[in-house]
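Quick one: structure below, then a few questions.
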Amino acid sequence: MHDDGDHLVLHGDTWLCVLTGAGVSAESGIATFRDAGGLWEGHRAEQVASPEGFADDPELVWRFYGARRRQAGGCSPNRGHAALAAVEQRLGERFLLATQNVDGLHAVAGNRRLVELHGNLWRTRCSACDRPAFEDRSDHEGALPRCEPCAAVGRDALLRPDIVWFGEALDPADLARVTAFLDEGARHHLVFLAVGTSGVVYPAAGLVGEARARGADTWLVNAEAPENARRFGRFLAGKSGEILPRLFVFD
Ligand SMILES: NC(=O)c1ccc[n+]([C@@H]2O[C@H](COP(=O)([O-])OP(=O)(O)OC[C@H]3O[C@@H](n4cnc5c(N)ncnc54)[C@H](O)[C@@H]3O)[C@@H](O)[C@H]2O)c1
Ligand SMILES: [Zn+2]
């Protein structure tokens with residue numbers, strides 16, 4: 001069973017970096033952008049997920065994220081999330097999970113060594129001041145949320161979801177944490193595993209190259225061959241909720 005090619009063998013010196021995308025949450029009932037045709041009720045993603053879109057029509061943007069909060073709030077982690085939480089339990093500091101998902105399901109499943117590259121649906125921040133982002137489960141139906149600390153100094157500022165939108169930069173500290181993990185892993189047996197990501201959103205899509213440059217074994221689990229499938233050593237086609245629970249073998 002250990003070397004039939006469909007099992008990822010993890011041993012005492014393996015450092016595992018996992019990158020997940022929307023596909024991991026598909027079996028929890030959260031549609032990927034691609035499955036939704038890249039559109040939400042007829043709107044391009046940029047209209048509801050960019051600073052320009054928010055400036056143009058904040059009501060539309062908050063309706064979009066309110067609906068996503070309501071939807072994600074009714075969803076639970078699936079067997080794929082659970083498998084990744086179990087691997088973290090086994091590997092401890094030799095594990096890091098970087099996700100493009102904003103639904104928070106990895107944390108619900110139990111992952112703690114987690115970098116949410118694109119932010120979190122359940123956090124809100126100010127569009128004007130640098131007060132820290134805070135937990136917020138409201139769908140803000142009815143009225144646009146405004147920043148109280150800003151109002152206290154006479155500034156009318158809207159709150160916004162704590163999500164990295166199109167055209168916005170990832171937090172350099174998040175990328176640095178992933179790179180530092182890959183650097184350390186390069187001194188050991190480094191494995192990079194991408195799951196459920198179409199490989200078109202950079203810089204996350206470039207992480208496989210960073211891993212390969214450090215000598216990593218590279219694996220991909222995805223429902224279909226994505227744009228950067230050639231850059232992986234192993235590609236397993238299928239659903240993450242079916243493949244991940246059977247993928248890992250501890251040596
Ligand atoms: N759940 C979420 O938080 C969520 C959902 C949609 C979009 N987004 C955001 O949109 C961006 C879209 O990029 P993306 O590449 O992550 O998503 P994507 O929608 O572009 O691609 C998802 C990929 O997952 C694959 N897939 C679908 N179902 C799968 C399954 N059951 N098992 C394995 N693979 C499956 C598809 O073939 C596709 O290649 C992300 O950066 C993310 O921030 C997040
Ligand atoms: Zn403010």
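The values are calculated or read from the model by the stated rules, or taken from the named source; none is laboratory data. Only a predicted model underlies this, so the values are computations on that prediction, with no experimental measurement involved. Note: ideal-geometry Cβ built from the backbone for every residue, glycine included; neighbour counts use all protein chains shown. Just the protein is used for accessible areas: all its heavy atoms, side chains included, with ligands, DNA and RNA removed. Shrake-Rupley method; radii C 1.70, N 1.55, O 1.52, S 1.80 Å.
Over the chain, calculate the relative contact order: mean separation of alpha carbon pairs under 8 Å at least 6 apart, over the residue count, as a percent. Before the final figure, lay out each step's value.
Details: 442 pairs, mean separation 67.2, N = 251.
RCO, the chain: 27 percent.
Roughly what % of DSSP beta bridges within region 1-149 run antiparallel, to the nearest 5?
Details: 4 of 12 bridges.
In region 1-149, approximately 35 percent of DSSP beta bridges are antiparallel ones.
Would you please give the residues with an amide H less than 5 Å from that of Val200, counting only those at least 5 places away or on a separate chain, with H modeled from the backbone geometry?
Answer set, sorted by chain and number: none.
May I pose another question? Which is the longest run of the chain containing none of the trypsin sites (Lys or Arg not before Pro) found in DSSP loop states (not H, G, I, E, B) with at most 14 other C-beta atoms within 10 Å? Intermediate results must be reported in sequence, preceding the final value.
Details: sites that count: Arg112, Arg137, Arg155, Arg187.
Here the longest segment lacking exposed loop sites spans 1-111.
Next question, about the same structure. With unit charges on the beta carbon (Lys/Arg positive, Asp/Glu negative), name the residue among Val102, His81, Asn120 whose Cα is farthest towards the positive pole of the charge dipole of region 30-124.
Working it through, the farthest residue towards the positive pole turns out to be His81.
Can you compute 3J(HN,Hα) from phi for each residue in region 93-98, using the Karplus curve 6.51 cos²θ - 1.76 cosθ + 1.60 with θ = phi - 60°, rounded to whole Hz and x for Gly and Pro?
Going residue by residue, I get 5, 8, 10, 9, 10, 9 Hz, with x marking Gly and Pro.
Please sort by residue number the GluC sites (Glu not before Pro) in region 1-98 whose DSSP state is loop and whose Cβ has at most 14 other Cβ atoms within 10 Å.
Glu41
Based on the Kirkwood radius over alpha-carbon pairs, what value in µm²/s does the Stokes-Einstein equation return for the translational diffusion coefficient of the chain at 25 °C and 0.890 mPa s?
Values: Rh = 19.0 Å.
Here the translational diffusion coefficient equals 129 µm²/s.
Have a look at the DSSP beta bridges in region 76-199 and tell me what percent are antiparallel, nearest 5. The partial results should precede the final answer.
Details: 7 of 10 bridges.
Of the beta bridges lying entirely in region 76-199, close to 70 percent run antiparallel.
While we're here: Can you give me the Cα centroid spacing of region 222-251 and region 150-170 in angstrom?
Region 222-251 and region 150-170 have Cα centres separated by 37 Å.
Carbon-plus-sulfur fraction of the accessible area of the chain, 1.4 Å probe, in percent? Intermediate results must be reported in sequence, preceding the final value.
Details: 5800 of 11970 Å².
Reported share for carbon and sulfur atoms: 49 percent.
Determine the sum of side-chain charges near Glu52: Lys and Arg each +1, Asp and Glu each -1, restricted to other residues whose C-beta is under 14 angstrom from that of Glu52. Please report the intermediate quantities before stating the final value.
Values: positive: Arg44, Arg160; negative: Glu46, Asp56, Asp57, Glu168.
Neighbourhood net charge equals -2.
Okay, next question. For the chain, what proportion of DSSP beta bridges, expressed in % and rounded to the nearest 5, is antiparallel?
25
Moving to a separate point now. Per residue, how much accessible area does the chain have with a 1.4 Å probe, in Å²? Don't skip to the answer; put the middle values down first.
On the way: 11970 Å² over 251 residues.
Averaged over the residues of the chain, the accessible area is 48 Å².
Could you tell me how many degrees, from 0 to 90 and to the nearest 10, lie between the Cα long axis of helix 79-91 and the main elongation axis, the longest principal axis, of the Cα atoms of the chain?
60
Further, regarding this structure: Label Glu168 and His11 with points 7 Å out from Cα along Cα→Cβ: what is the distance between them in nm?
Result for the modelled spin labels: 4.4 nm.
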